[in-house]
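Novice: Below you'll find the structure I mean.
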Amino acid sequence: MSAPAPRIEISLSKIEHNAHSLVTRLATQGISVFGITKATLGCPIIAQTLVRSGVLGIGDSRISNIRSMVQGKVDARFMLTRSPMPSEIDAVVRYAGFSLNTEIQVIKMLSKAAKRANRQHGILLMVELGDLREGLMPADLPKTATTVMSLPNIFLAGIGCNLACYGGVTPDTTKMNELSALADLVEQQTGQPLEIISGGNSANLEWAMSDGDCGRINNLRLGESILLGRETLQRKRLAGLHTDAFSIVAEVIESKVKPSRPYGHIAQTAFGPAPTPNDKGDICRCILALGRQDCDPNGLTPPKGFTILGASSDHLILESSTGLSTVGSEVAFQPNYSALLAAMTSPYIAQKFV
Ligand SMILES: *Cc1c(COP(=O)(O)O)cnc(C)c1O
């Protein structure tokens, strides 16, 4: 029997190689790694692979993903990487050992919930350094740190920042030095050393792996670079890493020679303005059973000989430069982060570990 299509094929050995390689290289700079699993829907098998590769812990933006990994018996320290919603506080304390936070009233709720559950919960305070996603303004950090330390069943595990997400601000030496200086300031103010000073995500790798001094930064939170083998400022391939740990495989359901341009009176399509391809006469077109409900078609790289012409909810339309394909044959694509995220979270895509 053939494997179900569409499916995502996942190479655990390539993921393990990537994670281990980044963990080892960053260790020489004094930097530990949280493996970030949100693009995998908190897949326990992948998380366990990251744990085997030597990560300090596992981070995910969704508490439901962390619950799946805890229930899937992944043996790790778990960190919630999105600020907790007040409506999920009890689950946060129950399943995650740490969370990233910016709102003192939420931290007070975590304290109360941790006390009720007789647990200790670690707080990483996120600082705004210009990208304008989450973060306390730096001037508010010392006061907030002191308040956090006074709360029962809560400990201040460290500070962190997140750049290159909303504003595209580069995590360079200037920004990292700012975070280092804030770590010193908080330690002076509270008289306690911070365990984790988390400089950012996969966009920080160029900075971290250049030979310079990393200052007080001793941790990064890495998702895309582990899974797809690329840094995220220019999406350059990282030396020695696999960029093909995942592939998305779909099945041909039509293959015919047809015109290159739609014909008739042209109005809007199901997804907005109609495409206006050049007229190059008849071409070999094929349709795959894969669409926007399954993954992000703009994030797919087709194999040699194929060009993606467009997609609807359920159909991916390709041009083939090498002749007609056999109906029932399969085509494999390389996903980018957006396509990976969509495919791993789509109920229509089967998963096959290879
Ligand atoms: C998603 C996320 C990460 C990981 O980002 P990558 O670019 O996948 O490495 C790190 N930190 C936070 C707060 C995140 O939300």
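Novice: Consider segment 146-171. How many of its residues are surrounded by 14 or more Cβ atoms within 10 Å (Cβ to Cβ) and within 16 Å of the ligand (Cβ to nearest atom)?
Specialist: Residues flagged as surrounded by 14 or more Cβ atoms within 10 Å (Cβ to Cβ) and within 16 Å of the ligand (Cβ to nearest atom) within segment 146-171 amount to 12.
Novice: Against the condition at positive phi, within 16 Å of the chain's Cα centre (by Cα) and either buried (at least 18 other Cβ atoms within 10 Å of the Cβ) or not in a helix (DSSP H, G or I) (or both), how does residue 42 come out, does it pass? I'd like the intermediate steps shown before the answer.
Specialist: Working: at positive phi: yes; within 16 Å of the chain's Cα centre (by Cα): yes; either buried (at least 18 other Cβ atoms within 10 Å of the Cβ) or not in a helix (DSSP H, G or I) (or both): yes.
It is true that residue 42 is at positive phi, within 16 Å of the chain's Cα centre (by Cα) and either buried (at least 18 other Cβ atoms within 10 Å of the Cβ) or not in a helix (DSSP H, G or I) (or both).
Novice: Assess whether residue 292 counts as being more than 30 Å from residue 62 (Cβ to Cβ) and surrounded by 18 or more Cβ atoms within 10 Å (Cβ to Cβ). Give the steps one after another, and end with the answer.
Specialist: Details: more than 30 Å from residue 62 (Cβ to Cβ): no; surrounded by 18 or more Cβ atoms within 10 Å (Cβ to Cβ): yes.
Criteria not met by residue 292.
Novice: Are there strands (runs of 3 or more DSSP E) fully within segment 121-200 with at least 1 residues that are more than 23 Å from residue 33 (Cβ to Cβ) and in contact with a His (Cβ under 7 Å, 6 or more places away or on another chain)? List them.
Specialist: On the way: elements: 121-126, 154-160, 196-198.
Because the criterion is at least 1 residues that are more than 23 Å from residue 33 (Cβ to Cβ) and in contact with a His (Cβ under 7 Å, 6 or more places away or on another chain), the strands (runs of 3 or more DSSP E) in segment 121-200 that meet it are 154-160.
Novice: If the Cβ limit is 9 Å and pairs must be 6+ apart or interchain, which residue in segment 206-226 that is without any contact (Cβ under 8 Å) to a residue 40 or more places away in the chain pairs with which residue that is within 13 Å of the ligand (Cβ to nearest atom) and acidic (Asp, Glu)?
Specialist: Here the result reads 206/231, each pair linking segment 206-226 to a residue that is within 13 Å of the ligand (Cβ to nearest atom) and acidic (Asp, Glu).
Novice: Related question: When you go through 132, 100, 136 one by one, which is the residue that is touching a Phe, Trp or Tyr at 6+ places or on another chain (Cβ under 7 Å) and within 15 Å of the ligand (Cβ to nearest atom)?
Specialist: Among 132, 100, 136, only 132 is touching a Phe, Trp or Tyr at 6+ places or on another chain (Cβ under 7 Å) and within 15 Å of the ligand (Cβ to nearest atom).
Novice: Taking segment 55-68 as the search range and keeping residues that are more than 16 Å from the chain's Cα centre (by Cα) and either of a type outside the set (A, V, I, L, M) or over 18 Å from residue 224 (Cα atoms) (or both), which one is surrounded by the fewest Cβ atoms within 10 Å (Cβ to Cβ)? Break it down into steps so the answer makes sense when it comes.
Specialist: From segment 55-68, those more than 16 Å from the chain's Cα centre (by Cα) are 56, 67-68; that's our starting set.
Checking the rest, the ones that are also either of a type outside the set (A, V, I, L, M) or over 18 Å from residue 224 (Cα atoms) (or both) come to 67-68.
Working: 67: 17, 68: 19.
Among them, the one singled out is 67.
Novice: Consider residue 57 carefully, then state whether it is within 16 Å of the ligand (Cβ to nearest atom), of a type outside the set (A, V, I, L, M) and out of contact with any Leu (no Cβ under 7 Å at 6 or more places or on another chain). Outline the logic, then answer.
Specialist: Working: within 16 Å of the ligand (Cβ to nearest atom): yes; of a type outside the set (A, V, I, L, M): yes; out of contact with any Leu (no Cβ under 7 Å at 6 or more places or on another chain): yes.
Yes, satisfied.
Novice: Being part of a loop (DSSP other than H, G, I, E, B), within 17 Å of the chain's Cα centre (by Cα) and away from the ligand (no atom under 15 Å from the Cβ) is the filter here, so list the residues in segment 212-261 that pass it.
Specialist: Within segment 212-261, the subset part of a loop (DSSP other than H, G, I, E, B) is 212-218, 223, 229, 231-236, 238-245, 260-261.
Adding the requirement that they be within 17 Å of the chain's Cα centre (by Cα) leaves 223, 229, 231-236, 238, 241-245.
242, 244 - these are the residues of segment 212-261 that are part of a loop (DSSP other than H, G, I, E, B), within 17 Å of the chain's Cα centre (by Cα) and away from the ligand (no atom under 15 Å from the Cβ).
Novice: Now a separate question. Considering each residue of segment 1-39, count those that are assigned to a strand (DSSP E or B), within 16 Å of the ligand (Cβ to nearest atom) and of a type in the set (Val, Ile, Thr), and give that number.
Specialist: Step one: of segment 1-39, the residues assigned to a strand (DSSP E or B) are 7-10, 32-36.
In the following step, the residues that additionally are within 16 Å of the ligand (Cβ to nearest atom) were identified as 32-36.
Now drop any that are not of a type in the set (Val, Ile, Thr), which leaves 33, 36.
Residues in segment 1-39 being assigned to a strand (DSSP E or B), within 16 Å of the ligand (Cβ to nearest atom) and of a type in the set (Val, Ile, Thr): 2 in total.
Novice: Go through segment 1-45 residue by residue and tally those that are touching a strand residue (DSSP E or B) at 6+ places or on another chain (Cβ under 7 Å) and more than 24 Å from residue 214 (Cα to Cα).
Specialist: 13
We did not get these values from a lab; they are worked out from the coordinates using the rules stated. These numbers were taken from a predicted model, which means no experiment stands behind them. Neighbour counts run over all protein chains shown; Cβ positions are idealised from the backbone, glycine included.
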